[in-house]
Amino acid sequence: MTHALDATGISARYGGNVALDGVDVAVPVGRMVGIVGANGAGKSTLVNALAGWSRGRPIVRGTVRLDGEPLDGLSPHRRAKRGLVLVPEGKGIFSDLTVSENLALVRPPADIAGRHLFSMDEIFDLFPRLAERSDHKGRMLSGGERQMVAVSRALRAAPRVLLLDEPSAGLAPRLVYELLAKMRALVDRGLSLLLVEQNVRATLELVDDLYLLERGRLVASGTAAEMKDDPRILEAYLGALTT
Amino acid sequence: MNLAQQIINGLVLGSGYALIAIGWTVLLGAARMVNFAHGQLYMLAAFIAWAAMEKLGVNYFVAVPLAVLALGLLGVLLQAMMLRPVMQQNLTSLMIVTLGFGYVIQGGSARLFGGDPEAFKSPLEAASLRFGGVWFTWQDVITLLGTLLLFAALWLVMNRTRLGAVVRSVAEDPKLAQLFGIDASLIYIGVFVFECAAVALGAGLVAPRSPILTSMGFDEVILTFVVVVLGGIGSVGGSLLAGFGLGMFNALFGALVSPAYTTAAAFLILLAVLVLRPRGLGAR
């Protein structure tokens, strides 16, 4: 299986605190991969490390390859231009800019070989609400609309791999399922996607493969079908008791 | 008192204030950066233009663009040296570093150009116009028109172009901007170069009104600070309004009360505005 994204030995620490310890993760081409784990397991640190980005200043080690090309040492904006595009948890858009301005910030890459360039029409087909809100400033939008803008701007960058960090945070359950279903539809059209989610039940229904992180370590991985029956998933996240 | 003349004086004075402050408006408002060497950069630009005229023999219209170019290049150098605190949005470090740059520029200029006052002459200063009881020079006209044009162009770029949106995005959240594929460090360099080049243009148009000294610059920083804060940090229209307002106030207060107390009175106005509108006149 060809991997769009292949990361090995990813470690991250903040001062003396180890947030990630030698995690390997891969996203095959055209598949949706989920990462689940409790709060503080290192999920966000992992996707941020893959994108070379952080709000803090962690020391990160490990190798990240995008379509076989190493990205080590590249700044976040260069990784984004290469096609590794992150939608971070929480604030993912600019509140002083309108929806149109947020989306226009992204310059389509010069080399789009093997990448799908989402037109504005496609974006508005995906999220019709944004067409009505195009002149509204980011701060005037609801949480769901902000998330739509954040995902849309990532799609405008023609991602080879989209990293989506907790898109459900602060959203109503109906919106979460709607958003994730739309992401699944994009994956079925060829997008490679790495999804970090707290909502394990929703994640398991949509992803092809799943990783389970605990305290910065990878403790289980497999296809979604395999992981559904994993006792650690059943016990900790799906509310079933093993006997 | 000739009221019409004082109004003209106020407009000319105010356009100069606004022009000198335009770089800071972008720097502080749009990029959340400070540069306390602003006044010394103004002084340096005036001396570079003066030296180009005196030593190289070029005329005023070549000397001013040369000073603008030189300050732009100096802006690249300064910004490259302080990129780290800039990227970390460390305003305290930036304050100290730019104050340091200011002293270095002042000391270096004193060594290079000497401590005596010099006459930086514009041919437009000598060409005057008179309408009834009102008198002004072509230099005044160029300063006023140049200021209005520069502010209009800046407003258009900041509010109607992708470049303006990019600068505003970096100002709001430089970390997030990186995820949009934006090289924030390049934007910071661009904004700093604009600030340096704009203050050089301000010096080229305003400094010929009086003898230039390597010790000058402090008044310009204070005036810039008042204009930028009064106008509402980052508000292009607000800065223009504040510049003209301050110029008009100084001209009228100087004529009606006393020129000796204009700075103190201007700060009183600043305090009053900030009490009533804490985010400045141009804040939305």
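Every read-out reported here was derived from the displayed coordinates using simple, explicitly stated rules and does not represent laboratory data. Everything numeric in this text was worked out from a predicted model, so none of it was measured. Counting neighbours? That spans all protein chains shown, and the Cβs are built from the backbone with ideal geometry, glycine included.
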> Amide H to amide H, which residues 5 or more places from A:Ile35 or on other chains are under 5 Å from it, using H placed in the peptide plane?
Replying inline: A:Leu195, A:Val196, A:Glu197, A:Tyr211
>> Residue by residue through A:102-112, how many Cβ atoms from other chains fall within 10 Å of the Cβ on average?
In response: 3
> Highest GNM mean-square fluctuation, chain B, Cα pairs closer than 10 Å: which of B:Ala203, B:Ala153, B:Ala242?
Replying inline: B:Ala153
> Over segment A:3-236, what relative contact order in percent results from Cα pairs under 8 Å that are six or more residues apart?
Replying inline: 29
>> For chain B, what does the relative contact order come out to in percent, with C-alpha contacts under 8 Å and a separation of six or more?
In response: 38
> What is the distance in Å between the Cα centres of segment B:201-277 and segment A:43-102?
Replying inline: 44
> Rounded to the nearest 20 Debye, what is the dipole magnitude of the protein assembly as shown about its Cα centre when Lys and Arg each give +1 and Asp and Glu each give -1 at the C-beta?
Replying inline: 380
> What ranking, highest mean first, results for peptides A:157-165, A:196-204 when packing means the other Cβ atoms within 10 Å averaged over each residue?
Replying inline: A:157-165, A:196-204
>> Using a 10 Å cut-off around each Cβ of peptide A:78-84, what is the average number of partner chain Cβ atoms that fall inside?
In response: 2
> Under the definition of partner shielding as Cβ atoms of other protein chains within 10 Å of a residue Cβ, what is the mean value for peptide B:170-178?
Replying inline: 5
>> I need the phi-derived Karplus couplings for segment B:225-239: 6.51 cos²θ - 1.76 cosθ + 1.60, θ = phi - 60°, integer Hz, Gly and Pro marked x.
In response: 4, 4, 4, 5, 6, 4, x, x, 4, x, 8, 5, x, x, 5
>> Through the Karplus equation 6.51 cos²θ - 1.76 cosθ + 1.60, θ set to phi - 60°, convert the phi angles of segment A:136-147 into ³J(HN,Hα) values in whole Hz; use x for Gly and Pro.
In response: 7, 6, x, 6, 8, 8, 6, x, x, 5, 4, 5
>> I'd like to compare A:103-109, A:33-39, B:106-112: which one has the highest average count of other Cβ atoms within 10 Å, and what's the full order after that?
In response: A:33-39, A:103-109, B:106-112
> So what is Rg over Rh here for segment B:15-214, counting just Cα atoms and using Kirkwood for Rh?
Replying inline: 1.01
>> Skipping prolines and chain starts, which residues have an amide H placed within reach, meaning under 5 Å, of the one on A:Leu86, given they are 5 or more residues away or on another chain?
In response: A:Leu163
>> Please enumerate, by chain and number, the lysines with C-alpha under 21 Å from the C-alpha of A:Lys182, excluding those fewer than 8 residues away in the same chain.
In response: A:Lys91
>> Name the residue from A:Val200, A:Leu126, A:Ala158 whose Cα lies farthest towards the positive end of the charge dipole of segment A:3-236, charges +1 on Cβ of Lys and Arg and -1 on Cβ of Asp and Glu.
In response: A:Ala158
> Taking R0 as 22 Å, what's the FRET efficiency between A:Ala181 and A:Thr2 from their Cβ-Cβ distance, rounded to 0.05?
Replying inline: 0.30
> What is the calculated FRET efficiency for B:Ala80 to A:Asp72, with r their C-beta to C-beta distance and R₀ = 41 Å, to the nearest 0.05?
Replying inline: 0.95
> Pick from A:Arg174, A:Arg129, A:Arg146: which residue has the top mean-square fluctuation in a GNM of chain A where Cα pairs under 10 Å get a spring?
Replying inline: A:Arg174
>> Straight-line reach from B:Lys55: which lysines fall under 19 Å, measuring Cα to Cα and dropping same-chain residues less than 8 apart?
In response: B:Lys121
> Once you list every other residue whose beta carbon is under 10 Å from the beta carbon of A:Asp165, what net charge do they have if Lys and Arg are +1 and Asp and Glu are -1?
Replying inline: -2
> Efficiency by 1/(1 + (r/R0)^6): what FRET value for B:Ala126 and A:Ser119, r their Cβ-Cβ distance, R0 = 41 Å, to the nearest 0.05?
Replying inline: 0.10
>> Checking a compactness column here: for chain A, what do you get for Rg(Cα) / (2.2 N^0.38 Å), N being the number of residues?
In response: 0.98
>> Please report the net charge: other residues with Cβ closer than 9 Å to the Cβ of A:Val87, K and R +1, D and E -1.
In response: -1
> With chain B treated as a Gaussian network of Cα nodes joined by springs under 10 Å, which of B:Leu246, B:Leu145, B:Leu129 yields the largest mean-square fluctuation?
Replying inline: B:Leu129
> Mind listing the phi-derived Karplus ³J(HN,Hα) values for segment A:203-212, rounded to whole Hz, using 6.51, -1.76 and 1.60 with θ = phi - 60°, and x for any glycine or proline?
Replying inline: 5, 4, 6, 10, 7, 8, 10, 9, 10, 10
> Non-local amide H neighbours of A:Val23 (under 5 Å, H modeled in plane, Pro and chain starts lacking H): which ones?
Replying inline: A:Gly9, A:Ile10, A:Ser11
